[in-house]
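For reference, the structure discussed in these notes is given below.
The values are calculated or read from the model by the stated rules, or taken from the named source; none is laboratory data. What you see is a predicted model, and the numbers here were worked out from it, not measured in a lab. Cβ: placed from backbone, ideal geometry, glycine included. Neighbour counts: every protein chain shown. The area values use the complete protein model at the heavy-atom level, side chains included, leaving out ligands, DNA and RNA. Shrake-Rupley method; radii C 1.70, N 1.55, O 1.52, S 1.80 Å.
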Amino acid sequence: MVVGFEKAVSATKSVVTSAKKAPTTLSSNRVINFARGDPTMYESYWRQMGEKCTIVISGHNLMSYFSNAGHFCWFLMPELDRAIRRLHCVVGNAVVDDDRYIVVGNGSTQLFQAVLYALSSSYDPDTEPLSVVAAAPFYSSYPEETDFLRSGLYKWAGDAYSFDKDGAYIEVVTSPNNPDGAIREAVVNRDGGKLIHDLAYYWPQYTPITGKADNDIMLFTFSKATGHAGSRIGWAIVKDIEVATKMVKFMELSSIGVSKESQLRAAKILEVISDDCQNSAPDKEENFFEYGQRLMSDRWEKLREVVKRNGVFSLPKYPQDYCNFIGKYTDPSPAFAWLKSKDGLNCDNLLRELKIVTRGGTNFGVDSNYTRISMLSPDEDFNLLLEKLSAIKGTIINGNN
């Protein structure tokens, strides 16, 4: 074990030494951050849309706390409710019948906290906190988000694959999964369990839409659906009115609702997308999801070619499937690349020596020979990433001679 560790350290030092000796350029000296999932690659699409998504809000508009005082989710704007339901119907990725309840939140992060509260608050407070699990590799923020408030109602309990505790629990199912893009189902499958389905990436640009998701609690986010992360809009589709009502209570006490301005902006953009998707004119331009799917597919093709050439890393392989929305078989193009070092080296550290900042595998509950790279950056940064990765092959060969 020690010998293997020393070998890995020696190999890493060789890579670093060789990298420092290599001729440098202005671009090779620049640090690029691919640790964040900031979806700025969509900016060029929305810029070309011009004024189609513009809304005008006068000074006297939207002054009340209430959007619909008679509705269970009294801060949800009716325009956003309609736009969300319409888009899911157009894309075909979730059931949004009238007996489904929509709760809007300040991004899906707040909704995740609201769901944890809603599912755990009905349990006996004198018992130990409810266990929250997810199958590794799991989204790196789940542990911190779960334990941040130090709630007595629930606590993070780690990897669902190794969870063997009797009694009630909550399992978070992320599909497609962040970080590895895999299509996921529940792992624990025992009596007393409650499921939260995080479907942030179940959109046509990331994965084939094979059917309408119909889970008890489904979380979506405006940021990954359209790229508008700064608006801080997320929504949950919930079957049980009692759970939905408890979520609303959490939102009421934590932020007294959600910005109406952000909701109206989101509603407008979602309506524009739906209009474009339903446009049957012969001279129509590609809609947002077609654009996103083409761009993501192109990026993945380029990344796979670079990784294949350098021989240092590997990437997951995903099965092709029929996408009901696109109308043909498509390859998954996840929002993140789950990169693995073939030699067992610390993948995150290796890339940082080349001034590529990523999020290492240990953050996701797995080994350090994995790291997550965002595929959602601007073109300039993505092209620089490919340039830096292309240079690694020669660096490692020289370093190990």
Using alpha-carbon coordinates, inclination of helix 78-91 to the longest axis of the chain, degrees: 50
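Report, in listed order, any pair from K302/K328; K224/K260; K260/K328; K239/K260 with a Cα-Cα distance greater than 27 Å. Intermediate values should be presented prior to the final figure.
Working: K302/K328 22 Å; K224/K260 20 Å; K260/K328 38 Å; K239/K260 24 Å.
Too far apart for the 27 Å limit: K260/K328.
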For the peptides 213-220, 91-98, what is the packing order when you average, over each peptide's residues, the other Cβ atoms within 10 Å and list the highest mean first? 213-220, 91-98
Just name one of S140, A118, N29: the one whose Cα is farthest towards the positive end of the charge dipole of the chain (beta-carbon charges, Lys/Arg +1, Asp/Glu -1). N29
Tell me the accessible surface of D240 in square angstrom (1.4 angstrom probe, heavy atoms of protein chains only), to the nearest ten. 70
Electrostatic dipole magnitude of the chain [Cβ: Lys, Arg +1; Asp, Glu -1; Cα centre; debye, to 20]: 1480
If amide H atoms are built 1.01 Å from N in the plane of the peptide, which residues on other chains or at least 5 residues away come under 5 Å of the amide H of Y169? G193, K194
Using a probe of 1.4 angstrom, how much of the accessible area of the chain is carbon and sulfur, in percent? 49
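Counting only C-alpha contacts under 8 Å and six or more residues apart, can you give the relative contact order of the range 78-276 as a whole percent?
After rounding, I find 30 percent.
Can you list the trypsin sites (Lys or Arg not before Pro) in the range 141-189 that are in a DSSP coil and have 13 or fewer other beta carbons within 10 angstrom?
Here the sparse-neighbourhood loop sites are R150, K165.
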Using alpha-carbon pairs under 8 Å, 6+ residues apart, how would you state the relative contact order of the chain in percent? 26
Rounded to the nearest whole Å², what accessible area per residue is found for the range 78-276 with the 1.4 Å probe? 38
List every residue whose amide H lies under 5 Å from the amide H of Y154, counting only residues 5 or more places away in sequence or on a different chain, with H placed 1.01 Å from N in the peptide plane. L130
Computed P(r) (all Cα pairs; the range 78-276; 10 Å bins; percent): 9, 37, 37, 15, 2, 0
Taking the chain as the reference, fit the longest principal axis to its C-alpha atoms, fit the long axis of helix 288-310 to the helix C-alpha atoms, and give the angle between the two in degrees, 0 to 90, nearest 10. 20
Sorted on mean Cβ neighbours within 10 Å (highest first), peptides 274-281, 353-360, 302-309 come out as 353-360, 302-309, 274-281
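Charges only on Cβ, +1 for Lys and Arg, -1 for Asp and Glu: so what's the dipole of the range 78-276 about the Cα centre, in debye to the nearest 20?
Result for the range 78-276 is approximately 560 debye, rounded to the nearest 20.
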Would you work out the charge dipole size for the range 274-340 about its Cα centre, treating the Cβ of every Lys and Arg as +1 and the Cβ of every Asp and Glu as -1, and quote it to the nearest 20 debye? 660
Please express the Cα-Cα pair-distance distribution P(r) of the range 183-310 as a list of whole percents, one per 10 Å bin, running from 0 to the bin with the greatest distance. 10, 29, 33, 20, 7, 1
